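Peer 1: Below: one structure in structure tokens.
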Amino acid sequence: MTSPASVVLVFLDPAFPNGRLADASQPQLMATDQGATRGDGVFESMLAVGGKVRKVQAHLNRLDSSAVALDLDIPGQDQWRRAIETGVAEHRSQHPASTPAEDELVVKLVVSRGVEGASGPTCWVQVSPVGSLGRRQRETGIDVILLDRGYDSDAAERAPWLLLGAKTLSYAVNMAALRHAHKQGADDVIFTSSDGRVLEGPTSTVLLAHLQTSDDGAGGTRTVRRLITPQLDSGILPGTSQEALFKTAAAAGWELGYGPLQPQDLLDADAVWLISSIRLLAPVNHIDGQEIGTPAIQKQLTAELNELFARIQ
């Protein structure tokens, strides 16, 4: 559990161009703030390694998109960048890293609609250490269960007020799904739609891969690596890590594909991962108790993708 002493808070404030540092051990949010009372707001979570925050532009762009979906008027990207730099620098100054693991930080950008009846949102940057569980799951993999999310794959287009595809503060359902998985002895969840489409994890994007060997036409063989993710039109959150990895994998010769995917596609894959900005690539060992692929191929493909992922800035 992260203690307040290891958290740095930076509030975006017009009077402080680089952000206003605040004491995380003291109350900072009004009890009437709509982020607390209604979950009315948006957020982003980024990984900083060695003081450098990864995929900043992609996260800022997605924060803007989520804010538009909620009709929130938020500060500009330059103001966010300055507050991020302040928070990361302050955390590294207060808590110098002695190991590579200690030099990984979670950088969270949070926007609440603000105090009810007041004008303007409440915005802040939170910097804290990466938990050991996420790092362990990158190495050992995870067991997941499939859960019905309760709506069909056309719901996002039919009902935009559901805010599907926006990263909102309303995460109670996602956390409930994870608690349910833990009660079943699993580590995580892959949501499916009521019409049988694979969607996403509560805090991650789904990836699967196939490794195929074929005749190269010259008396030899060639190996094709194909990486696939669900389609965005089913109302899932656009994954910044998935998008960045796809670009890097394409440059390395991987073939790319987008759903629609069904649960059987996951079971037939050579490897499956849940990918996110903080945990990174978590190999899926079992889905509903069924082993995925073979351990040797999963290990090989995971190592290859981790090498590609390490190139992403």
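The values are calculated or read from the model by the stated rules, or taken from the named source; none is laboratory data. Note that the structure is a prediction, hence the values are computed from the model and not measured. We place every Cβ from the backbone using ideal geometry, glycine too, and count neighbours over all the protein chains shown. All accessible areas refer to the heavy atoms of the entire protein, side chains included, with ligands and DNA or RNA removed. Shrake-Rupley method; radii C 1.70, N 1.55, O 1.52, S 1.80 Å.
Peer 1: Would you list the P(r) distribution for segment 38-123, with all Cα-Cα distances sorted into 10 Å bins from 0 and each bin expressed as a whole %?
Peer 2: Bins of 10 Å from zero give 16, 45, 27, 11, 1 percent of pairs.
Peer 1: Once both axes come from the Cα atoms, what is the angle between helix 295-309 and the longest principal axis of the chain, in degrees from 0 to 90, rounded to 10?
Peer 2: 50 degrees
Peer 1: Whole-Hz ³J(HN,Hα) for each residue in segment 288-293, computed from phi via Karplus 6.51 cos²θ - 1.76 cosθ + 1.60 with θ = phi - 60°, x for glycine and proline: what do you get?
Peer 2: 6, x, 9, 5, 9, x
Peer 1: Taking the solvent-accessible surface of protein heavy atoms with a 1.4 Å probe, what is the per residue accessible area of the chain in Å²? Display every interim value, and only then the final one.
Peer 2: Numbers: 14980 Å² over 313 residues.
Result: 48 Å² per residue.
Peer 1: Still on this structure: Can you show me the helix-derived [θ] at 222 nm for the chain, built from DSSP H runs with n ≥ 4 at -39,500 (n - 2.57) apiece and divided by the number of residues, rounded to the nearest 500.
Peer 2: Details: 9 runs with 94 residues, N = 313.
So the helix-based figure for the chain works out to -9000 deg cm²/dmol.
Peer 1: Read phi for every residue in segment 56-71 and hand back ³J(HN,Hα) as whole Hz from Karplus 6.51 cos²θ - 1.76 cosθ + 1.60, θ = phi - 60°, with x for Gly and Pro.
Peer 2: Rounded to whole hertz, the list is 4, 4, 4, 6, 5, 5, 6, 4, 4, 5, 5, 5, 4, 4, 9, 6.
Peer 1: With a 10 Å radius around each residue's Cβ, average the other Cβ atoms per peptide and rank 37-44, 197-204, 233-240, highest first. Working shown, then result.
Peer 2: Details: 37-44: 19.8, 197-204: 24.2, 233-240: 22.2.
The most tightly packed comes first, giving 197-204, 233-240, 37-44.
Peer 1: Now a separate question. Suppose every K and R has +1 on its Cβ and every D and E has -1 on its Cβ; what is the size of the dipole of segment 93-190 about the Cα centre, in Debye to the nearest 20? Kindly include the intermediate steps, with their values, before the conclusion.
Peer 2: Values: 10 positive and 12 negative charges, 45 e Å.
Dipole of segment 93-190, to the nearest 20 debye: 220 debye.
Peer 1: Carbon and sulfur: what percent of segment 1-157's accessible surface (1.4 Å probe)? Please report the intermediate quantities before stating the final value.
Peer 2: Working: 3920 of 7770 Å².
In segment 1-157, the share of accessible area belonging to carbon and sulfur is 51 percent.
Peer 1: Turning to a different aspect of this structure: HN-Hα J couplings of segment 159-166 from phi, Karplus 6.51/-1.76/1.60, θ = phi - 60°, integer Hz, Gly and Pro as x?
Peer 2: Coupling constants for segment 159-166: 9, x, 5, 6, 6, 5, x, 9 Hz.
Peer 1: Using only Cα atoms, what is the ratio of the radius of gyration of segment 69-199 to 2.2 N^0.38 Å?
Peer 2: Numbers: Rg = 18.7 Å, N = 131, 2.2 N^0.38 = 14.0 Å.
Cα-based Rg divided by the globular estimate yields 1.33.
Peer 1: Please list the non-local residues whose amide H lies under 5 Å from the amide H of ILE145, H modeled 1.01 Å from N, same-chain partners needing a gap of 5 or more.
Peer 2: ASP188, VAL189, ILE190, ASP288
Peer 1: Expressed as an acute angle from 0 to 90° and rounded to the nearest 10, what is the orientation of the C-alpha long axis of helix 172-183 relative to the principal long axis of the chain?
Peer 2: 50 degrees
Peer 1: Counting Lys and Arg as +1 and Asp and Glu as -1, what is the net charge of the other residues whose Cβ lies under 14 Å from the Cβ of SER6? Don't skip to the answer; put the middle values down first.
Peer 2: Working: positive: ARG92, LYS108; negative: ASP23, GLU90, GLU102, ASP103, GLU104.
For residues surrounding SER6, the net value is -3.
Peer 1: What ranking of MET175, MET30, MET46 comes out by heavy-atom accessible area, probe 1.4 Å, highest first?
Peer 2: Details: MET175 70, MET30 115, MET46 0 Å².
Ranked from most to least accessible, the order is MET30, MET175, MET46.
Peer 1: If you don't mind, another one. Using modelled backbone amide H atoms (1.01 Å from N, in-plane), which distant-in-sequence or interchain residues come within less than 5 Å of SER153's amide H?
Peer 2: Here SER194, ASP195 satisfy the definition.
Peer 1: Right, here's the next one. Could you pull out every residue, at least 5 positions away or on a different chain, whose amide H is within less than 5 Å of the one on SER170? Hs are placed 1.01 Å off N in the peptide plane, and Pro or chain starts have none.
Peer 2: Amide H neighbours of SER170, under 5 Å, 5+ apart: GLY41.
Peer 1: Moving on to the next point. Direction-averaged shadow area of the convex hull around the Cα atoms of the chain, nm²? Walk me through the numbers on the way to the answer.
Peer 2: Working: hull surface 70.6 nm².
Result: a mean projected hull area of 17.7 nm².
Peer 1: How much net charge surrounds GLN57 when only the other residues with a Cβ under 11 Å from the Cβ of GLN57 are counted, with Lys and Arg +1 and Asp and Glu -1?
Peer 2: Details: positive: ARG54, LYS55, ARG62, ARG81; negative: ASP64.
Result for the neighbourhood of GLN57: +3.
Peer 1: Here's a follow-up. Provide the three semi-axes, in whole Å and in decreasing order, of the ellipsoid equivalent to segment 179-297 as defined by the square roots of 5 times the Cα gyration tensor eigenvalues.
Peer 2: 26, 17, 14
Peer 1: Just name one of ALA249, ALA176, GLY165: the one whose Cα is farthest towards the positive end of the charge dipole of the chain (beta-carbon charges, Lys/Arg +1, Asp/Glu -1).
Peer 2: With unit charges placed on the Cβ atoms, the residue in question is ALA249.
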